[in-house]
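Taking it in order: structure first as structure tokens, then the write-up.
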Amino acid sequence: MITTQLDQAIQVLTQNDLVAIPTETVYGLAANAYDDQAVQKIYQLKKRPAHNPLIVHLKSVDDLAQIAQNIPPVAYELAQAFWPGPLTLLLEKQAHISDVITAGKPTVAVRVPNHPLTLELLNKLPFPLVAPSANPFGSISPTTAQHVFDYFGEDLKVVLDGGPCGKGIESTIIGFVNQQAVLYRLGSVAVEDIEKITGQLTSVLHNEQAPEAPGMLSRHYAPNTTTYLTDDVLGLLKNFEGQKVGLLRLKNQIQSPLVAYQEVLSESGNMPEAAQNLYAALHRLDRRGLDVIIAERMPEEGLGKTINDKLERATKKA
Ligand code: TXA
Ligand code: MG
């Protein structure tokens, strides 16, 4: 059921069942972080491999020390700058944080989401929430309550509707090696903005053998329709004559009889707006019965980098 009633969400979560929650990034599939059986249900419903750990969502940075320990000063600086907001920190976990959440790792992922309804929910609950994105493993993340409902239907008791997600792409993930910040996942906070605090970041984005953050698995966030990413949309288009082709473009539509359907992410080329629209556009494209989707590569800076990273994981290389 889709609802805006917090009471219903509180009731279900308190009974240790799952609720989809709105955040500023994407919708999350939430459970009581202190109940292992509830947390297990997340892995079952998502069909998520057990080695892929979950993010703990807190109501405030004040609760951080209950979850993590030996927190580097720069982590607090980042929390200060970006929470509530789309930044996840990987920190040494407190001993009581369950292996079910961390997949047996010594670290725990944590963030304070910036959505009024979910912050109100967290403030009313006596426990934090663990939540991965509310999509089956490997599918496009949901940015509306309806997307979540389309994925899980009545298998999920409550989808708390907080409207379309303002950011539209997952949180940026930062970990620490010898107290130095390291980039684990590109996300809604531009790397450049984090580097104003940390200095230049090293990144461990493409460790596919032993994915530290399996958001790094190469095929992820994928539409069912075969999708290509290219700098040369017009050039690639010619290869698919006679097929039903959908386009994903940054700014303007292409006038061509070869195009069956197209999505423009931001008429003005505004990157935050493009990020906000990305997954909803991919969801729509994927439902059009197209033979192929061609996505245009974004300018490689700021959130453009993040969008390109998500598209690369969703696509075949052209
Ligand atoms: O914006 C977001 O981060 C959304 C909303 C709902 O908060 N959540 C989200 O969760 O994207 P999920 O589970 O789809 O992605 C979290 C990523 C996964 O790739 C997971 O492997 C990684 O974070 N992760 C979580 N805990 C980790 C840990 N202890 N060490 C390394 N990676 C971790
Ligand atoms: Mg996810």
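The values are calculated or read from the model by the stated rules, or taken from the named source; none is laboratory data. Because the structure is predicted, anything quoted here is derived from the model rather than measured. Using ideal geometry, Cβ is built from the backbone for each residue, glycine included, and neighbour counts are taken over all protein chains shown. SASA here: full protein model, heavy atoms, side chains in, ligands and nucleic acids out. Shrake-Rupley method; radii C 1.70, N 1.55, O 1.52, S 1.80 Å.
At a glance:
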| quantity | calculated |
| --- | --- |
| Matching residues in the stretch 116-149 - criterion: being open to solvent by 30 Å² or more (accessible area, probe 1.4 Å), away from ligand 2 (no atom under 16 Å from the Cβ) and in contact with a helix residue (DSSP H, G or I) (Cβ under 8 Å, 6 or more places away or on another chain) | 117, 120, 124 |
| Within the stretch 81-95, tally of residues that are aliphatic (A, V, I, L, M) and open to solvent by less than 10 Å² (accessible area, probe 1.4 Å) | 3 |
| Counted residues, the stretch 156-188 - those being hydrophobic (A, V, I, L, M, F, W, C), more than 16 Å from ligand 2 (Cβ to nearest atom), closer than 17 Å to residue 204 by Cα and touching a residue at least 60 places away in the same chain (Cβ under 8 Å) | 3 |
| Whichever residue in the stretch 33-67 is surrounded by 15 or more Cβ atoms within 10 Å (Cβ to Cβ) and farther than 25 Å from residue 117 by Cα and, among such residues, is farthest from ligand 1 (Cβ to nearest atom) | 48 |
| Cβ-Cβ under 6 Å pairs, at least 6 apart or on other chains, the stretch 131-155 side closer than 14 Å to residue 169 by Cβ and of a type in the set (A, V, I, L, M, F, W, C), far side within 13 Å of ligand 1 (Cβ to nearest atom) and outside any helix (DSSP H, G or I) | 140/221 |
| Some residue of the stretch 80-87 being under 16 Å from residue 135 (Cβ atoms), within 16 Å of ligand 2 (Cβ to nearest atom) and either of a type outside the set (Asp, Glu) or part of a strand (DSSP E or B) (or both) | no |
| Check on residue 56, more than 13 Å from ligand 2 (Cβ to nearest atom) and either over 27 Å from residue 164 (Cβ atoms) or part of a helix (DSSP H, G or I) (or both) | no |
| Hey, residue 153 over 19 Å from residue 15 (Cβ atoms), over 17 Å from the mean Cα position of the chain (by Cα) and away from ligand 1 (no atom under 13 Å from the Cβ) or not | yes |
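Table: residues versus (1) at pLDDT 95 or above; (2) not aliphatic (A, V, I, L, M).
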{"site": "226", "(1), (2)": "no, yes"}
{"site": "242", "(1), (2)": "no, yes"}
{"site": "245", "(1), (2)": "yes, no"}
{"site": "254", "(1), (2)": "no, no"}
{"site": "267", "(1), (2)": "yes, yes"}
{"site": "271", "(1), (2)": "yes, no"}
{"site": "274", "(1), (2)": "yes, no"}
{"site": "278", "(1), (2)": "yes, no"}
{"site": "284", "(1), (2)": "yes, yes"}
